[in-house]
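Read the structure below first, then the notes.
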Amino acid sequence: MLYDYLPVLFQVLLVIGFAAAVLLLSVVFGRTAKRNATKDSPYECGMVPVGEGTPRFSVKFYLVAMLFVIFDIEVVFMYPWAVQFRDLVTESPVALVSMAGFAGTLAIAYVYALKKGALNWKA
């Protein structure tokens, strides 16, 4: 049984050896560059960088993004159910009741987010 894992072990050793060799060669043959403020500044298509590199976003932006992801994932859960809807309902109405409960929970969560002002950009 150990003989079956020999190719995997050989490949792992080969990958580790290759990574170590590449790192060693970069240290041996690489040159150290002279550092100064001009060379260390980021290149912005010929423009002199002014201000901070990353703009500040409002917390509302992230809140709306998280709500979108959450409700989008819920739609992904509803899609397979919708594809099999006809077969599920003919077998038993439990599938319809369970999905109605799921959609109802989503509706309650949406109303809660609206009441809390989570989707209000002005506030």
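Before moving on, here are some points about what is shown:
- Residue pairs meeting the criteria (Cβ under 8 Å; at least 6 apart or on separate chains; first in a loop (DSSP other than H, G, I, E, B), in the stretch 106-120; second among the aromatic types (Phe, Trp, Tyr)): none
- Sole exception among (1) surrounded by 10 or more Cβ atoms within 10 Å (Cβ to Cβ); (2) over 30 Å from Ala118 (Cβ atoms) for Phe29, by number: (1)
- Residue in the stretch 63-80 that is assigned to a loop (DSSP other than H, G, I, E, B) and farther than 23 Å from Ala118 by Cβ present: no
- If only residues of the stretch 59-108 that are within 30 Å of Trp121 (Cα to Cα) and of a type in the set (D, E, K, R) are counted, the one that is nearest to the chain's Cα centre (by Cα) is Asp72.
Here, each number is a calculation from the coordinates, and none is a lab measurement. Keep in mind that this is a model prediction, so the values were computed, not measured. Cβ sites come from the backbone with ideal geometry, for glycine too, and all protein chains shown count toward neighbours.
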